[in-house]
Amino acid sequence: MTQRRGNGRVGNRVVIALGGNAINPPKDTSLSDHHGWEVLQQTTEELAQLIRAGYEVALVHGNGPQVGALLLQNEAARAQVPLATLDVCDAETQGQLGYMIQQLLGNQLRRLGVAKTVVSLVSQVVVDPADAAFLQPTKPIGPVYGRERAQELARERGYAVREVHPGAWRRAVSSPRPLRLVEAPALEAMLAAGLVPVVAGGGGIPVAERDGQLSGVEAVVDKDYSAELVATELRASTLVILTDVDRVYLDYETAQARPLERLTLAEGRRYLKQGHFPPGSMGPKVEACLRFLEHGGLSAVIAPLPGAEGAVKGVVGTRISG
Ligand code: ADP
Ligand code: MG
């Protein structure tokens, strides 16, 4: 049952975003594909408990390391298989992680006797071709190349390339803001039908809209911003962003680093301006939480994965509220 609150928010409705880096740590190539299954096993146990307790949950997930692996595979096989564009790679990873979550969370729900079905939605998000992000592709993706190969790719495929370390080059793409989730009208109906939606995976597939027609864009969208779109669209009371750190820190990775248990909207805006939360990692999470509150959300939590239950109950992570 949905529980309406006076302010139009649904009290028991939470949107939970799972960090792609927490599922598959990108720097640890010694970890087998099984690692992701193990992490999600633990996470879905907690999610199932929340759902059994009466929470209406919609899930979002990241895909950075997963799409990175796919791009490496594509590049390695390019003589045999045509290269897939980035939007198609995004769609593939929505299927990959969506499948894992559907199976694992489905198993947990059946174990607990909860009659709900987990359903992944291939999701597109509209971005603005005039977004300033397109002027400066900043997000490195895919394999590392030497200078010559990088320049060749820039010529042949029109890639923007960047030297990320001396002698190490990567393709760089833009990370525009998502404006609208194309499949949003399906979400409310899914929840009303008792489904658990997995939506906007990897931030959603970025698309441009022209005269009502959509087409894929070679960019990446930060899933934290898309999770905010989903949470606001669904009038959720709480947005939870699960990642690979225990809390949000001030002066992160310095001798003065201090973890935050609570944060107000005003403090969040101030710290963001002071540069405590860098773009591309913690910045989008804090910004997404602040916007969620500004759009009427009641509270937002940034917490470790696994940690969904504690985050929703407010006992782990950093809780941000008005
Ligand atoms: P995800 O895949 O969950 O989106 P990100 O790498 O995008 O993960 O963001 C999480 C990372 O943000 C952490 O691993 C941490 O290194 C980094 N980070 C940067 N600034 C901070 C901060 N102020 N407090 C906590 N973590 C921070
Ligand atoms: Mg991220």
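The values are calculated or read from the model by the stated rules, or taken from the named source; none is laboratory data. In this text, all values refer to a predicted model and were calculated from it rather than measured experimentally. We place every Cβ from the backbone using ideal geometry, glycine too, and count neighbours over all the protein chains shown.
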Would you confirm whether any residue within the range 139-159 is under 20 Å from Ser281 (Cβ atoms), away from ligand 1 (no atom under 16 Å from the Cβ) and modelled with pLDDT under 95?
-> yes
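For (1) in a strand (DSSP E or B); (2) surrounded by 14 or more Cβ atoms within 10 Å (Cβ to Cβ); (3) on the phi < 0 side of the Ramachandran plot, each residue gets a yes or a no:
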position: Val125; (1), (2), (3): yes, yes, yes
position: Ala133; (1), (2), (3): no, yes, yes
position: Pro137; (1), (2), (3): no, yes, yes
position: Gly142; (1), (2), (3): yes, yes, no
position: Arg149; (1), (2), (3): no, no, yes
position: Leu153; (1), (2), (3): no, yes, yes
position: Val173; (1), (2), (3): yes, yes, yes
Test Val221 against the criterion of being among the β-branched types (Val, Ile, Thr), within 16 Å of ligand 2 (Cβ to nearest atom), touching a residue at least 40 places away in the same chain (Cβ under 8 Å) and crowded, with 24+ Cβ neighbours inside 10 Å, and give yes or no.
-> yes
Does Pro284 satisfy the criteria of being more than 15 Å from the chain's Cα centre (by Cα) and not aliphatic (A, V, I, L, M)?
-> no
Counting only residues that are acidic (Asp, Glu), in contact (Cβ under 8 Å) with a residue 60 or more places away in the chain and away from ligand 1 (no atom under 16 Å from the Cβ), give me the helices (runs of 4 or more DSSP H) lying completely in the range 34-115 with at least 3 of them.
-> none
Out of curiosity, is Asp244 of a type in the set (Asp, Glu) and on the phi < 0 side of the Ramachandran plot?
-> yes
Can you name the residue in the range 224-238 that is aliphatic (A, V, I, L, M) and more than 14 Å from ligand 1 (Cβ to nearest atom) and is also nearest to Gly11 (Cα to Cα) among such residues?
-> Ala236
Of (1) of a type outside the set (Val, Ile, Thr); (2) out of contact with any Asp or Glu (no Cβ under 9 Å at 6 or more places or on another chain); (3) buried (at least 24 other Cβ atoms within 10 Å of the Cβ), Met190 fails just (3)
Expected single match for surrounded by 14 or more Cβ atoms within 10 Å (Cβ to Cβ) and away from ligand 2 (no atom under 16 Å from the Cβ) among Leu260, Leu272 is Leu260
Conditions: (1) within 24 Å of Asn7 (Cα to Cα); (2) surrounded by 21 or more Cβ atoms within 10 Å (Cβ to Cβ). Ser299 meets all but one. Number of the miss?
-> (2)
Residue by residue through the range 238-252, note down the ones that are more than 16 Å from ligand 2 (Cβ to nearest atom) and either crowded, with 22+ Cβ neighbours inside 10 Å or at pLDDT below 95 (or both).
-> Thr238
Just one of (1) more than 16 Å from ligand 2 (Cβ to nearest atom); (2) touching a residue at least 24 places away in the same chain (Cβ under 8 Å); (3) not β-branched (Val, Ile, Thr) trips up Glu267, so point out which.
-> (2)
Do you know which residues across the range 96-141 are over 19 Å from Ala193 (Cα atoms), over 17 Å from the mean Cα position of the chain (by Cα) and among the basic types (Lys, Arg)?
-> Arg111
Test: Ala255 is over 22 Å from the mean Cα position of the chain (by Cα), more than 8 Å from ligand 1 (Cβ to nearest atom) and more than 16 Å from Thr318 (Cβ to Cβ) | yes
